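Take a look at the structure set out below.
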Amino acid sequence: MRTFHVSVRERPDRTVVTLAGELDVDTCPRVTRVTDSVPLPGRTLSLDLSGVSFMDSSSLNMLLVLLRRAEAEKGALELCGVQDQAQRLLELTGAGVLFNIRPALAV
């Protein structure tokens, strides 16, 4: 069985959801359950993807749904520490331009 971790940290200016492992059709529902509980109005949700080794099309769809939710609720979504494979997925699909992509967050 593959290991996948999701953790949440509250900071004064944002909520950080850290993911580690493969983000795919099997693990996206776990991320959605966590992010659905995060209030977005007026806040930034930072997804720390520095520990994500693989992303598939279902994870891209999940990110797009979360982005639409953040925009609808007057919040913001940023992707942090995007690794090479995920970056290629975002570039190949043209979705990279839709997201605020930042370097990995300082611990």
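Considering only S37, L105, L19, and ranking their Cα positions along the charge dipole of the chain that arises from unit charges at the beta-carbon of Lys, Arg, Asp and Glu, the one farthest toward the positive end is S37.
Please compute the per residue accessible area over the chain with all protein chains in place, 1.4 Å probe, rounded to a whole number of Å².
Values: 5810 Å² over 107 residues.
Averaged over the residues of the chain, the accessible area is 54 Å².
Please report, in debye to the nearest 20, how large the charge dipole of the chain is about its Cα centre when each Lys and Arg carries +1 at its beta carbon and each Asp and Glu carries -1 there. Using Cβ point charges on Lys, Arg, Asp and Glu, the chain gives about 280 debye. Rounded to the nearest 500, the helix-only mean residue ellipticity at 222 nm of the chain stands at -10000 deg cm²/dmol, with each DSSP H run of n ≥ 4 adding -39,500 (n - 2.57).
Between E91 and V65, what is the label-point separation in nm under the 7 Å Cα-to-beta-carbon projection? Using points 7 Å along Cα→Cβ, the separation is 2.8 nm. Once semi-axes √(5λ) of the Cα gyration tensor in Å is calculated for the structure shown, the corresponding label among [x] 49, 12, 10; [y] 19, 16, 14; [z] 63, 17, 9 turns out to be [y].
Accessible surface for F99 stands near 20 Å², nearest 10, in the context of the full protein assembly shown (1.4 Å probe). With r defined as the distance between the Cβ atoms of F54 and I101 and R0 fixed at 22 Å, what FRET efficiency is calculated, to the nearest 0.05? Given R0 = 22 Å and the Cβ-Cβ separation, E is 0.80. In the context of the full protein assembly, S37 retains an accessible surface of approximately 90 Å², using a probe radius of 1.4 Å and ignoring ligands and nucleic acids. Note on the stretch 1-70: dipole from Cβ charges, positive end direction compared against C28, L66, G51; the farthest Cα belongs to L66.
The values are calculated or read from the model by the stated rules, or taken from the named source; none is laboratory data. Given the structure is predicted, the values throughout are model-derived calculations rather than measurements. Note that each Cβ is placed from the backbone with ideal geometry, even for glycine, and that neighbours are counted across all protein chains shown. Please note that ligands, DNA and RNA were not included when accessible areas were found on the heavy atoms of the full protein model with its side chains. Shrake-Rupley method; radii C 1.70, N 1.55, O 1.52, S 1.80 Å.
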